[in-house]
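The values are calculated or read from the model by the stated rules, or taken from the named source; none is laboratory data. The model shown is predicted, which means the values in this text are computed figures rather than measured ones. Here the Cβ positions follow ideal geometry from the backbone for every residue, glycine too, while neighbour counts run over all protein chains shown.
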């Protein structure tokens, strides 16, 4: 397979090439700003506030009243598709009912013997580290891409239609990537956000408690001029590297002759703050944490279609069913995106995207506004037409009361408490969860 990939003259496709022949959802959002509950949500097509799955654990199948829910790989498998799951699709162990073949062995490592950029006496989580490390063939994502290419060729020769799920690790922290991907992003070209302590003054007290306390890590990054710049360079290098790994798989799809009858979906489970509001990772109800890439490439599509209507990962399950002509299971919470991919639906009538972070905390995002209501009633409101970085909270301005009322109608009035076994929400607002 390596010879196939290294053959002179072969142009590897990148996800940006995929975007040129996909529907790109520019206003797509996860339903939970953490990997575990986000994946539980889009795989089962249920909102976290309906299942109580807000935290990293448990997996939905570990909760008695939820374990009968089908995932979309399972749904396709039970209707004649061969389902193969590779890498990180579920947060933890893949659900056995969802696949004919589960291929694991793609961990977050390898790790260097000592941290590359964290202090010698490290007070931070090891995943906060970053830097140039290993060569391409030594990394998890490269091995996953190679194995996925081999699996794709096996599936191409089989009698069944297939549902192949490939979960790459990057750009999850730690931000390790081979040096050549750093070289694409010279340090001087990376401009980090300046300290944003002044942007925190108009936040409700509850909002500050809900997000992780990253103050110490933020101070560490700000202590030296190029430290934050270096971390963001590593993040960009990680993005470029996984771009390349995805491209290897796309190139194999094209060479296999399957591209003309295969739907390709590219997504991530949540966003990252990367310095906005002095936060560097996830677990917030702000735009940077909830907005995700979402691309759907239909067979034969040769031009890009860009959609600004609000959509959610919750919409994936019904979308895939409609594309394949399969019935939908009862109880899905999302809406099919097929009308947006073929241009038959304008998108103006779609409801806002909803994200929750723990019981009673919701963000509502439409084409222009983000409205957040917390469990104690505190609010935030941002106008993305003039404030894309969400610097000015308009919630207390009477001039925008009508917008709060309009968006507030989409905030759920009922929600589930934490599902049994919930752990690792990592929020001071929920002690012990």
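Per-structure values
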{"quantity": "Within the range 79-133, strands (runs of 3 or more DSSP E) holding 2 or more residues that are touching a helix residue (DSSP H, G or I) at 6+ places or on another chain (Cβ under 7 Å) and modelled with pLDDT of 95 or more", "calculated": "82-87, 130-132"}
{"quantity": "Residue ID - surrounded by the fewest Cβ atoms within 10 Å (Cβ to Cβ), chosen from residues in the range 334-345 that are outside any helix (DSSP H, G or I) and free of Cβ contacts under 8 Å to residues at least 12 places away in the same chain", "calculated": "344"}
{"quantity": "Any hit, the range 417-429, residues being under 30 Å from residue 192 (Cβ atoms), loosely packed, with under 15 Cβ neighbours inside 10 Å, at pLDDT below 95 and in contact with a helix residue (DSSP H, G or I) (Cβ under 8 Å, 6 or more places away or on another chain)", "calculated": "yes"}
{"quantity": "Within the range 258-333, strands (runs of 3 or more DSSP E) holding 3 or more residues that are modelled with pLDDT of 95 or more", "calculated": "264-267, 294-297"}
{"quantity": "Matching entry among 159, 137, 192 (being surrounded by fewer than 14 Cβ atoms within 10 Å (Cβ to Cβ) and touching a helix residue (DSSP H, G or I) at 6+ places or on another chain (Cβ under 9 Å))", "calculated": "137"}
{"quantity": "Answer residue from the range 64-78, given it is in contact with a helix residue (DSSP H, G or I) (Cβ under 8 Å, 6 or more places away or on another chain) and part of a loop (DSSP other than H, G, I, E, B) and is surrounded by the most Cβ atoms within 10 Å (Cβ to Cβ) among those", "calculated": "71"}
{"quantity": "Among the residues listed as 117, 122, 154, the single one being farther than 19 Å from residue 71 by Cβ, in contact with a strand residue (DSSP E or B) (Cβ under 7 Å, 6 or more places away or on another chain) and surrounded by fewer than 19 Cβ atoms within 10 Å (Cβ to Cβ)", "calculated": "117"}
{"quantity": "Residue that is surrounded by the fewest Cβ atoms within 10 Å (Cβ to Cβ), among those in the range 162-181 that are touching a strand residue (DSSP E or B) at 6+ places or on another chain (Cβ under 6 Å) and over 24 Å from residue 289 (Cα atoms)", "calculated": "179"}
{"quantity": "Residue among 185, 244, 218 that is out of contact with any strand residue (DSSP E or B) (no Cβ under 9 Å at 6 or more places or on another chain) and either loosely packed, with under 15 Cβ neighbours inside 10 Å or not in a helix (DSSP H, G or I) (or both)", "calculated": "185"}
{"quantity": "Filter result for residue 287 (in contact (Cβ under 8 Å) with a residue 24 or more places away in the chain and over 21 Å from the mean Cα position of the chain (by Cα))", "calculated": "no"}
{"quantity": "Complete set of residues in the range 195-214 that are out of contact with any helix residue (DSSP H, G or I) (no Cβ under 8 Å at 6 or more places or on another chain) and either part of a helix (DSSP H, G or I) or on the phi > 0 side of the Ramachandran plot (or both)", "calculated": "198, 205, 206, 207, 209, 210"}
{"quantity": "Residues (assigned to a loop (DSSP other than H, G, I, E, B) and either surrounded by 13 or more Cβ atoms within 10 Å (Cβ to Cβ) or modelled with pLDDT under 95 (or both)) located in the range 404-416", "calculated": "410, 411, 412, 415, 416"}
{"quantity": "Verdict on residue 171 being in a loop (DSSP other than H, G, I, E, B) and without any contact (Cβ under 8 Å) to a residue 24 or more places away in the chain", "calculated": "no"}
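Conditions (1) surrounded by fewer than 20 Cβ atoms within 10 Å (Cβ to Cβ); (2) on the phi > 0 side of the Ramachandran plot; (3) touching a strand residue (DSSP E or B) at 6+ places or on another chain (Cβ under 6 Å), marked per residue:
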position	(1), (2), (3)
39	no, no, no
57	yes, no, yes
60	no, no, no
100	yes, no, yes
103	yes, no, yes
109	yes, no, no
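Conditions (1) under 16 Å from residue 411 (Cα atoms); (2) in contact with a strand residue (DSSP E or B) (Cβ under 7 Å, 6 or more places away or on another chain), marked per residue:
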| residue | (1), (2) |
| --- | --- |
| 310 | yes, yes |
| 313 | no, yes |
| 331 | no, no |
| 337 | no, yes |
| 340 | no, yes |
| 346 | no, no |
| 355 | yes, yes |
| 359 | yes, no |
| 365 | yes, yes |
